[in-house]
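Structure first, commentary second.
The values are calculated or read from the model by the stated rules, or taken from the named source; none is laboratory data. A quick note: this is a predicted structure, and the numbers were derived from the prediction, not measured. Here Cβ is always computed from backbone atoms with ideal geometry, including for glycine, and neighbour counts include all displayed protein chains. In case anyone asks, the SASA skips ligands and DNA or RNA and just uses the protein heavy atoms, side chains included. Shrake-Rupley method; radii C 1.70, N 1.55, O 1.52, S 1.80 Å.
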Amino acid sequence: MLPAIRLISEAAELAARRHNGMARKGRGGEPHINHLAEVANLLATVTEGTDADLVAAGWLHDSIEDTETTREELANKFSERVAGLVVECTDDMSLPKPVRRQRQIEDAPHKSPGAKLIKTADKISNIGARIVPHPSKDERGDLADYAAWADKVVAGCRGINSRLDRIFDDTIERARTALAETGG
Ligand code: ZN
């Protein structure tokens with residue numbers, strides 16, 4: 001088993017290589033790795049750095065869904081727990097988006113505590129990236145739609161870490177304020 005600092009360092013490095021050249025949604029097409037760094041850092045912060053597997057899985061949470069990475073590879077390189085957490089955060093991309101979205105809402109309450117934390121941190125990051133200055137009509141619509149759906153997913157993920165729950169609520173509040181200000 002890798003020591004904590006190596007585990008997280010290896011996870012960040014693999015994520016950077018696998019997601020190289022990918023852009024995230026919102027906020028001027030920032031690199032996707034910025035999203036992964038934000039999620040991993042949120043998880044490290046709210047758990048006071050006590051769970052290295054969780055932070056590593058935060059770096060890797062989109063790797064199976066968006067890149068050629070497999071569960072076996074993550075289990076061999078990191079641990080069964082890291083691989084399992086990433087699998088829990090992986091959508092079946094063969095399904096249409098509305099079905100995937102509905103599944104996330106329905107499956108959330110049955111996830112492990114660690115996966116619930118990753119999913120909540122993911123939604124915090126993705127809502128935050130959609131809060132942009134002077135949004136277009138499409139950007140406002142996308143923020144309103146995403147935040148409403150994320151709120152339903154996170155409803156099934158609450159109660160594990162009160163700090164993370166509070167950050168999510170603050171982020172939803174920021175989205176509401178942004179939408180009200182821009183007349184959305
Ligand atoms: Zn993500």
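A few remarks follow.
- Sole exception among (1) open to solvent by less than 70 Å² (accessible area, probe 1.4 Å); (2) more than 14 Å from the ligand (Cβ to nearest atom) for Arg17, by number: (1)
Matching residues to (1) more than 16 Å from the ligand (Cβ to nearest atom); (2) open to solvent by 20 Å² or more (accessible area, probe 1.4 Å):
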{"residue": "Lys123", "(1), (2)": "no, no"}
{"residue": "Pro133", "(1), (2)": "yes, yes"}
{"residue": "Lys137", "(1), (2)": "yes, yes"}
{"residue": "Leu143", "(1), (2)": "yes, no"}
{"residue": "Ala147", "(1), (2)": "no, no"}
{"residue": "Leu164", "(1), (2)": "no, no"}
{"residue": "Ile172", "(1), (2)": "yes, no"}
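- Hey, Ser94 touching a helix residue (DSSP H, G or I) at 6+ places or on another chain (Cβ under 7 Å) and more than 16 Å from the ligand (Cβ to nearest atom) or not: no
- Figure legend. Inter-residue proximity from the range 119-134: first residues without any contact (Cβ under 8 Å) to a residue 40 or more places away in the chain, second residues within 9 Å of the ligand (Cβ to nearest atom) and open to solvent by less than 20 Å² (accessible area, probe 1.4 Å), beta-carbon distance below 8 Å, spacing 6+ or different chains. Indicated pairs: Lys119/Cys89.
- Long-range neighbours under 8 Å by Cβ, at least six apart or interchain, first residue without any contact (Cβ under 8 Å) to a residue 40 or more places away in the chain within the range 98-113, second in a helix (DSSP H, G or I) and surrounded by 14 or more Cβ atoms within 10 Å (Cβ to Cβ): Ser112/Gly84; Ser112/Leu85; Ser112/Glu88
- Meets criteria (of a type in the set (A, V, I, L, M), more than 12 Å from the chain's Cα centre (by Cα) and within 16 Å of the ligand (Cβ to nearest atom)) for Leu179: no
- Counting residues in the range 92-113 that are at pLDDT below 95, among the aliphatic types (A, V, I, L, M) and closer than 20 Å to His61 by Cβ gives one or more.
- Residue within the range 32-40 that is surrounded by fewer than 17 Cβ atoms within 10 Å (Cβ to Cβ), polar (S, T, N, Q) and away from the ligand (no atom under 16 Å from the Cβ) present: no
- Scanning the range 63-72 for residues that are within 16 Å of the ligand (Cβ to nearest atom) and either open to solvent by 40 Å² or more (accessible area, probe 1.4 Å) or within 26 Å of Trp149 (Cα to Cα) (or both) yields Ser63, Ile64, Glu65, Asp66, Thr67.
- Residues that are part of a helix (DSSP H, G or I) and within 16 Å of the ligand (Cβ to nearest atom) were ranked within the range 45-62; the one that is farthest from Asn161 (Cα to Cα) is Leu60.
- Which listed residue, of Ala75, Ala129, Ala83, Ala115, is within 12 Å of the ligand (Cβ to nearest atom), of a type in the set (Gly, Ala, Ser) and assigned to a helix (DSSP H, G or I): Ala129
- Residue satisfying all of: in the range 128-151; among the charged types (D, E, K, R) and under 15 Å from the mean Cα position of the chain (by Cα); farthest from Arg101 (Cα to Cα) among these: Arg130
- Taken over the range 86-109, the criterion of being β-branched (Val, Ile, Thr), in a helix (DSSP H, G or I) and either within 22 Å of Glu13 (Cβ to Cβ) or open to solvent by less than 50 Å² (accessible area, probe 1.4 Å) (or both) is satisfied by Val86, Val87, Ile105.
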